[in-house]
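Each remark here refers to the structure printed beneath this line.
Derivation of every value follows stated rules applied to the coordinates shown; laboratory data play no part. None of the values given here were measured: they were computed from a predicted structure. Reconstructed Cβ throughout: ideal geometry from the backbone, glycine too, with neighbour counts over all protein chains shown.
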Amino acid sequence: MHIIHNGIINAIFRRNKPRQAKSGDHPQLHPETDAQPSCESSSPASSFPDGIKELNDCPNATVDVCFVHGLSGNRDSTWTPRGESAPWPETLLPSRLSKARIITYGYDAYITQSPVASSNRLIDHAINLLADLTTNRAQYQAESRPLIFVAHSLGGLVCKEAILLSRNNPETHLQSVFKSLRGIIFMGTPHRGSWMADWAKIPASALGLVKPTNTSLLKILETDDQLLESIQVRFWAMMRELREGGRRLEVTCFFEELPLPTIGKVVSKESATLEGYNAVSIHANHREMVKFGSTEDNGFRRLVGELLRWESQIRTNSESAALDPTVGNAEEAGQPLEEDEVSKHAFRHYGSGSVNVNYGSGPQNNNIGTGNQFNSPVHTVHLPPPQQPR
């Protein structure tokens, strides 16, 4: 029985954990062979490439794009195709997204192939992501710069929790991630559980030949896990409140088309997509769906298409805010307009009922009463009935 389980584990994690690296180095890439424990392994705490790493600096950046890897990944190798020495967000993306500062975040989410398992839970990784990203952006005086996440697998859950932690955080400087967030690209993220529901039931003895199992990371991906459900419920509530407040947060979900050998699809389309948001497939398995070898790769084109569209919207909104900074700032923060600002954008409505105030783009709710109507997110101003002439 354990032989079968070990075969499954090796098929999923058939790469070595990166060697101890100097600052700024890319991890050494190994052939897709089964990893063997080393008697000369250094302390994982000193060798694991965690925290923020800048892949492309842009002094006049209009947006920060932050990549977050998934289970057993790392901030470089997750995004590096076989045969290449550097991740594609560093080699391919800057030429297409010239006004973006591109960064990648690492955390120790390894389940196997290290002498000691990281004891951090998902919540700990989210706290660290929020703290490290806030500090990094402050160093570049970019706390208010628009932010986009690109997250693979478990990294999507880490991003969700970090965003939720940023929102209404008692430490005001930590709120900047939520306030400046403009979009999230989820790549194979299990929003409603995944294959881990079964994999988590494999006996620890089948996993523990190299390192102990971080059971909390395995359990978090079970379909009925309470914490996963809590993240999803709180995230949906946040998205609903943002829409009702007139702030749009872009979301696109990518899902894998191909299965992993002997395992099948790691995250199903049903689990990897969110109702009401754009869902796009990539012709690759769960591991290869984030490894693009050239700008001609159709998966790369699809992902970059989303990033370019969002970046264009960000520039348009920034230009609009420059013409009317008060309105632009209120919209970006997801806050309602003040009463005097509302009067600038209202149209005349002669009659009783409600009048919709237009100050952005998006779907329009029906206007109650007589008057003109046009497309926009809305704030509603209730007007009293007109007085009868004497």
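Here are the numbers for this structure:
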{"item": "Order by protection proxy (mean Cβ within 10 Å, highest first), peptides 85-92, 255-262", "result": "85-92, 255-262"}
{"item": "Extension gain, TYR277 back to ALA322 (0.36 nm per residue minus Cα-Cα distance, nm)", "result": "13.2 nm"}
{"item": "Extended-chain gain in nm, criterion 0.36 nm per residue less alpha-carbon gap, THR262 and ALA237", "result": "5.2 nm"}
{"item": "In nm, spacing of pseudo-spin labels at LYS99 and THR295 (7 Å Cα→C-beta vector)", "result": "1.8"}
{"item": "Net lengthening on full extension, GLU171/SER230 (0.36 nm per residue, minus Cα-Cα)", "result": "19.0 nm"}
{"item": "For the range 242-247, 3J(HN,Hα) per residue [Karplus equation, 6.51 cos²θ - 1.76 cosθ + 1.60, θ = phi - 60°, Hz, x = Gly/Pro]", "result": "5, 4, 5, x, x, 9"}
{"item": "Calculated FRET efficiency for the pair ALA86/GLU244, C-beta based, R₀ 45 Å, to 0.05", "result": "0.55"}
